Amino acid sequence: MAIQATEKDGITYLSIDDEMTIYTALELKNALVQYLKADHELQINLASVSEIDSAGLQILLLLKQESAQKQIKLSLTEHSQAVTEVFELLNLGAHFGDPMILSADWS
């Protein structure tokens, strides 16, 4: 699991590489919650998430809830095929409210 972070113009951009599963959940949660700063918008790029399970999904739900409580704008971007499939299966697209693009390359 790797998280790449950059900041520009009051926005923190995060990119999660690899899996979001029970095996990486604790480390991932501890790493991500530290970016919930009161004065920073947060955008998380999910393009390189190769696998996501219920533990990974719980982290995204936690981040969404915590950011709402702290009035921090949180956006999920570039959902990978694995993330899109889980969101579609559980009908969570509307909950997060971020646009998801389905690639024609996914089989």
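The values are calculated or read from the model by the stated rules, or taken from the named source; none is laboratory data. Keep in mind it's a predicted model, so treat the numbers as computed, not measured. Note: ideal-geometry Cβ built from the backbone for every residue, glycine included; neighbour counts use all protein chains shown. The area values use the complete protein model at the heavy-atom level, side chains included, leaving out ligands, DNA and RNA. Shrake-Rupley method; radii C 1.70, N 1.55, O 1.52, S 1.80 Å.
Points to keep in mind about this one:
- Any hit, region 11-26, residues being more than 22 Å from D105 (Cα to Cα), part of a strand (DSSP E or B), open to solvent by less than 30 Å² (accessible area, probe 1.4 Å) and among the hydroxyl-bearing types (S, T, Y): yes
- In region 35-45 there is no residue matching the filter, namely being in contact with a His (Cβ under 7 Å, 6 or more places away or on another chain) and under 19 Å from F87 (Cβ atoms).
- Lone unmet requirement of (1) touching a strand residue (DSSP E or B) at 6+ places or on another chain (Cβ under 9 Å); (2) charged (D, E, K, R); (3) over 24 Å from A104 (Cβ atoms) for E51: (3)
- Here V86 meets the list (1) outside any helix (DSSP H, G or I); (2) among the β-branched types (V, I, T); (3) touching an Asp or Glu at 6+ places or on another chain (Cβ under 9 Å) almost entirely, failing just condition (1).
- Looking only at residues in region 57-80 that are farther than 17 Å from H40 by Cα and surrounded by 15 or more Cβ atoms within 10 Å (Cβ to Cβ), the one that is nearest to the chain's Cα centre (by Cα) is L60.
- Only one of L76, L46, L102, L92 that is out of contact with any Ser or Thr (no Cβ under 6 Å at 6 or more places or on another chain) and modelled with pLDDT of 95 or more: L76
- The residue list E7, E78, E66 contains one member that is closer than 14 Å to D98 by Cβ and either acidic (D, E) or free of Cβ contacts under 8 Å to residues at least 12 places away in the same chain (or both), which is E78.
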